[in-house]
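Below is one structure, written out as structure tokens, with a few remarks after it.
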Amino acid sequence: MPKHQRKLRIYISADALALLKHLDYPCSEEVLASAKRVEGLEDEGMDYELSGTRDDFESLAGWVAGDANHADRRQKRKLALLLALSDALEAVL
């Protein structure tokens, strides 16, 4: 299987998953459909696993980074979630 088609995984919080669903990026449908609850992870609060191809995650990372760069700095919780998502995506890429 080509490298860009292999499934990658990230782990995110329930709040981050809710934000991704709310933002409804055009590239996120398949990634969001992959969401499954996991328990027993070492990282507290990382309750969901998302999987997707490198292409899926690269596209999603671009959207998330764009929103993080343009986020209202007064919305600290949203900004923190966007930055955490961006970090998770970049780490797997």
Problem - Segment Arg37-Arg9, length gained on full extension (0.36 nm per residue, minus Cα span) - result: 8.8 nm
Practice task
Of the options Ala91, Thr53, Pro26, report the single residue whose Cα projects farthest towards the positive end of the charge dipole of segment 8-91 (beta-carbon charges: Lys, Arg +1; Asp, Glu -1).
Solution key: Pro26
Fill in the blank from the handout: By the C-alpha gyration tensor axes a ≥ b ≥ c (rounded if a/c is under 1.5, else prolate when a/b exceeds b/c, else oblate), the shape of the chain is oblate
Exercise for the section: Give me the aspartates and glutamates in straight-line cross-link reach of Lys76: C-alpha distance below 17 Å, same-chain residues under 8 apart excluded. Expected result: Asp15, Asp67, Asp87
Exercise for the section: Just tell me the longest site-free run in the chain, where the sites are trypsin sites (Lys or Arg not before Pro) in a DSSP loop having at most 15 other beta-carbon atoms within 10 Å. Expected result: 7-72
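Read-outs: derived from the displayed coordinates by stated rules, not from any lab. Please read all numbers here as calculations on a predicted model, not as lab measurements. Don't worry about glycine lacking a Cβ; one is built from the backbone with ideal geometry, like all the others, and counts go over all protein chains shown.
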